[in-house]
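Engineer: Quick one: this structure, given as structure tokens, is what I'll be asking you about.
The values are calculated or read from the model by the stated rules, or taken from the named source; none is laboratory data. Values in this document were obtained by computation on a predicted structure and should not be read as measured data. Note that we place each Cβ from the backbone using ideal geometry, even for glycine, and neighbour counts take in every protein chain shown. The accessibility values were calculated without ligands, DNA or RNA, using every heavy atom of the protein model including side chains. Shrake-Rupley method; radii C 1.70, N 1.55, O 1.52, S 1.80 Å.
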Amino acid sequence: MRANKTIRCLILTTFVSLNAAAQSAMFPTVSAPVQITNGKEHLFASYYGINSWSKNERYATILETDVRFRIPTMQDTATLGLVDMRTNKFIPLTKTTAWNLQQGCMAHWLATNPDSVIIYNDMRKGKYVSVILNVFTRKELNVFPYPVAAVSPDGKEAVCINFSRLRLTRTDYGYDGGGQDVQPSVQFPENDGIFLLDLQTGKIKSVVSLAQLKSQVPKIKDPKGIEYIGHVLFSKGGSKLFFLARAIPAWNTTSFTINKDGTNLKRCFPDEWGGSHFDWLNDQQLLITALYEGKQNSHILFTVGQSNYRKLGGGKLDYDGHGTFSPNGKWMVTDTYPARNRDQTIRLLNMKTDSVLTLGSYREPPEFKDGWRADIHCRWSPKGDLIGFNSTHNGSRQVYVMKVKE
């Protein structure tokens, strides 16, 4: 009981102090976080930066699970559901076995019907698929034989990667069960990479293969090492893709952009900069956390095809965080990995002034670590008036929301 009172006092104190600072530094007013899930373990049903709300912001896509302190397997079924933002009630929709604790089941609201229709990943008859579902009728509108990693802003296309290969190379981000061909002995497969899926016709085509990247990435010196695609994201206008190519066991990383038709493949950085987390500011500029000049992890903004690299935050964001831009592009919210005392901190950046405001810190219990850790993974609502995040600071994995008022 005393611990709960301490938490409430801390939240209240943080709320008062951060809003006083916000007014003086021309930041929006941001509320203390409200926990919108309870009971079992919960997390947003997609990766950080991906919108989790219906366009009208009535419902948020959430995963519910019993899994704690381990990486999920194909025997672990998660419940995909909605949280009603008016009541915080969890509404179960369906089950999935193609999910993980970092990216959920990659649920996206489709802009073609943004208040009623989502797409998510599942496993059917031993194969990974993506399912288009009406959340009110529970009717499956389509099932594609490919899992999706990102969806275009207009909701008409998606990009697909190999989640089985990802399970082998980075266990906590892939899916268990062998639902795709891993090709573990092939370093740079010609028939694996990034694929563009037409969500209206079901047609799929290659954007770039791993074989095409061989001359662009560091040499894999270990004969058992393999290259893989880690993350991919559409630009705000939908014309381009950002992606990370990585290799094991050396963990070398190369950041790329490419047009969605497969043209204009470009490395984002010079050698040794690597790349980690990312978001597009618009259709030309993007943020990537990387080793600035090969030395210091920073939040770096630049224009595709140019070397106009700019560190954001005036030195206050010189670390690897999960940065993501507000819908109007005025703000960027980012987080930290746990500090020595296990605190995970959320910070807000004013894109015009480059000033930084700390929104709060949340202590991750030591039991949440390795592949079952709970990264904060912030995301904005469609109107930019909510920031959601995952946290374990109250002892279980739950979802929180802060209200933003400009």
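Engineer: Out of the total accessible area of the range 285-392 (probe 1.4 Å, heavy atoms of protein only), what percent is carbon and sulfur?
Structural biologist: 46
Engineer: Which one of PRO270, PRO114, ILE62 has its Cα pushed farthest toward the positive end of the charge dipole of the chain, where Lys and Arg give +1 and Asp and Glu give -1 at the Cβ?
Structural biologist: Looking along the dipole axis, the top candidate is ILE62.
Engineer: Mind checking the per residue accessible area of the range 267-406 for me, 1.4 Å probe, whole number of Å²?
Structural biologist: That works out to 39 Å² per residue.
Engineer: Cα centroid distance between the range 293-311 and the range 348-406, in Å?
Structural biologist: 24
Engineer: How large is the dipole of the chain about the Cα centre if only Lys and Arg carry +1 and Asp and Glu carry -1, each at its Cβ, rounded to the nearest 20 debye?
Structural biologist: 540
Engineer: Highest GNM mean-square fluctuation, the chain, Cα pairs closer than 10 Å: which of ASP318, ASP375, ASP279?
Structural biologist: Between ASP318, ASP375, ASP279, it is ASP318 that shows the largest mean-square fluctuation.
Engineer: Note the full-extension length gain between LYS369 and ARG138 as 0.36 nm times their separation in residues minus their Cα-Cα distance, in nm to one decimal. Walk me through the intermediate numbers first.
Structural biologist: Details: separation 231, 0.36 × 231 = 83.16 nm, distance 3.51 nm.
Here the answer is 79.6 nm.
Engineer: Compare THR257, THR324, THR137 in a GNM of the chain, Cα atoms joined below 10 Å, and give the one with the largest fluctuation.
Structural biologist: In the Gaussian network model the winner is THR137.
Engineer: I'd like to check one number: the per residue accessible area of the range 28-96, probe 1.4 Å, reported in Å² as a whole number. Working shown, then result.
Structural biologist: Details: 2710 Å² over 69 residues.
Ligands and nucleic acids excluded, the result is 39 Å² per residue.
Engineer: Helix-only mean residue ellipticity at 222 nm, the chain, DSSP H runs n ≥ 4 weighted -39,500 (n - 2.57), per residue, nearest 500. What is it?
Structural biologist: For the chain, the value works out to -2500 deg cm²/dmol.
Engineer: So which chymotrypsin sites (Phe, Trp or Tyr not before Pro) in the range 220-291 are both in a DSSP loop and have at most 15 other Cβ atoms within 10 Å of their Cβ? All intermediate terms of the calculation are to be shown ahead of the outcome.
Structural biologist: On the way: sites: TYR228, PHE234, PHE242, PHE243, TRP251, PHE256, TRP273, PHE278, TRP280; in loops: TRP251, TRP273.
Counting only loop positions with at most 15 other Cβ atoms within 10 Å, the chymotrypsin sites (Phe, Trp or Tyr not before Pro) in the range 220-291 are TRP251.
Engineer: Hey, got a sec? Which trypsin sites (Lys or Arg not before Pro) in the range 71-133 land in a DSSP loop and have at most 14 other Cβ atoms within 10 Å? Each step should come with its number before you reach the end.
Structural biologist: Numbers: sites: ARG86, LYS89, LYS95, ARG124, LYS125, LYS127; in loops: ARG86, LYS89, LYS125.
Answer in residue order: ARG86, LYS89, LYS125.
Engineer: For the cross-link pairs LYS236/LYS383; LYS89/LYS383; LYS383/LYS405; LYS156/LYS236; LYS295/LYS369; LYS203/LYS260, which exceed 18 Å when the distance is taken from alpha carbon to alpha carbon?
Structural biologist: Details: LYS236/LYS383 15 Å; LYS89/LYS383 22 Å; LYS383/LYS405 11 Å; LYS156/LYS236 14 Å; LYS295/LYS369 26 Å; LYS203/LYS260 14 Å.
Cα-Cα > 18 Å for LYS89/LYS383; LYS295/LYS369; rest within.
Engineer: Given the options GLU140, GLU157, GLU57, which has the most mean-square fluctuation in a GNM of the chain, springs set between C-alpha atoms less than 10 angstrom apart?
Structural biologist: Evaluated over the chain, the most mobile residue of the options is GLU140.
Engineer: In addition: Would you work out the relative contact order for the chain, in percent, from Cα pairs under 8 angstrom that are 6 or more residues apart? Could the numbers behind the result be given before it?
Structural biologist: Values: 1014 pairs, mean separation 57.7, N = 406.
Computed value for the chain: 14 percent relative contact order.
Engineer: For the range 147-236, report the translational diffusion coefficient in µm²/s to the nearest whole number, using Stokes-Einstein at 37 °C, 0.692 mPa s, and a Kirkwood Rh over Cα pairs.
Structural biologist: 237
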